[in-house]
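One structure below.
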Amino acid sequence: MNGGGRPPRPGPPDGSREVKKKTKKAAAKRFSLTGRGRVRRRKAFKSHILTKKTAKRKRGLRKATIAAHADERRLTRLLTA
């Protein structure tokens with residue numbers, strides 16, 4: 001006997017299995033993809049110690065922006081994996 005456990009689930013006949021692709025949830029909470037596939041991110045320095053920052057500076061930090069081209073491939077992989 002096999003110790004009373006469940007029998008293994010049957011897989012494809014050739015023994016290969018496709019790995020399930022999962023989005024990295026930490027990345028999904030911080031980044032999103034635009035319609036053209038670019039990566040959108042929020043700007044830093046907007047969470048605390050806001051009294052010393054000027055209104056103009058805080059206004060500029062409001063809008064989301066596009067992530068750097070150097071990071072784009074890596075971030076896209078995390079979001080679409």
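Please treat every number below as a calculation from the coordinates, not as lab data. Note that the structure is a prediction, hence the values are computed from the model and not measured. In this analysis, Cβ positions are derived from the backbone assuming ideal geometry, glycine residues included, and neighbour counts consider all displayed protein chains.
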Choice from 60, 11, 37 showing the highest fluctuation, given a GNM over the chain with Cα pairs closer than 10 Å: 11
Cα centroid separation - segment 14-31 against segment 35-81, whole Å: 24
Rounded tilt (10° steps) of 69-80 against the dominant C-alpha axis of the chain: 40
Size of electric dipole in the chain: Cβ of Lys, Arg +1 and of Asp, Glu -1, about Cα centre, debye, nearest 20: 1000
Gain in span if fully extended, residue 34 to residue 64, counting 0.36 nm per residue against the direct Cα distance: 9.7 nm
Paired Rg and Dmax values of the chain, which use every Cα atom, in angstrom: 22.0, 73
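Of the listed pairs 25/63; 24/58; 22/46; 24/52; 29/63, which have alpha-carbon separations greater than 28 Å here?
24/58; 22/46; 24/52
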Karplus-derived HN-Hα couplings along segment 42-57 (A = 6.51, B = -1.76, C = 1.60, θ = phi - 60°), whole Hz, x at Gly and Pro: 8, 8, 7, 6, 10, 9, 7, 6, 8, 5, 7, 8, 6, 4, 4, 5
